[in-house]
């Protein structure tokens, strides 16, 4: 491992002719004519490490192929927003007290006070603790 690290560090000290030669050795092709040090050094350093330790996992390669085909990876998809129809009443018991929340078209109402989100109501009920509203109100089954 030390030799790989030393080789990667030495790349940074190379002059352009040496970088071009190293690029050709590693990639079996000439570097692009417009390639600068800033372009070549990271590519060469990565290739040295990939050859020594292995490149991308098959999962990462499949993910990149999917992205190139236009598929959005799961981690990049927007989270589904909780939507409850206006008029829905949510009842929550917490520490022996019962709370009723009414869903309106634009917000949530508890004790005649309007809140922009269920998370804010959960914070109010718990005295300031941040909660995931779906979890606090046990609404995840409605997705």
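Among the residues in region 29-36, are any surrounded by 12 or more Cβ atoms within 10 Å (Cβ to Cβ) and either in a helix (DSSP H, G or I) or under 25 Å from the mean Cα position of the chain (by Cα) (or both)? No, region 29-36 contains no residue that is surrounded by 12 or more Cβ atoms within 10 Å (Cβ to Cβ) and either in a helix (DSSP H, G or I) or under 25 Å from the mean Cα position of the chain (by Cα) (or both). For region 53-84, the set of residues classified as under 30 Å from residue 136 (Cα atoms) and either in a helix (DSSP H, G or I) or at pLDDT 90 or above (or both) consists of 74, 75, 76, listed by residue number. Here's a check for you: in region 1-28, which residue that is in contact with a helix residue (DSSP H, G or I) (Cβ under 7 Å, 6 or more places away or on another chain) and not in a helix (DSSP H, G or I) is nearest to residue 50 (Cα to Cα)? Going through the qualifying residues, I end up with 12.
The values are calculated or read from the model by the stated rules, or taken from the named source; none is laboratory data. Everything numeric in this text was worked out from a predicted model, so none of it was measured. Backbone-built Cβ (ideal geometry, glycine too); neighbour counts: all protein chains shown.
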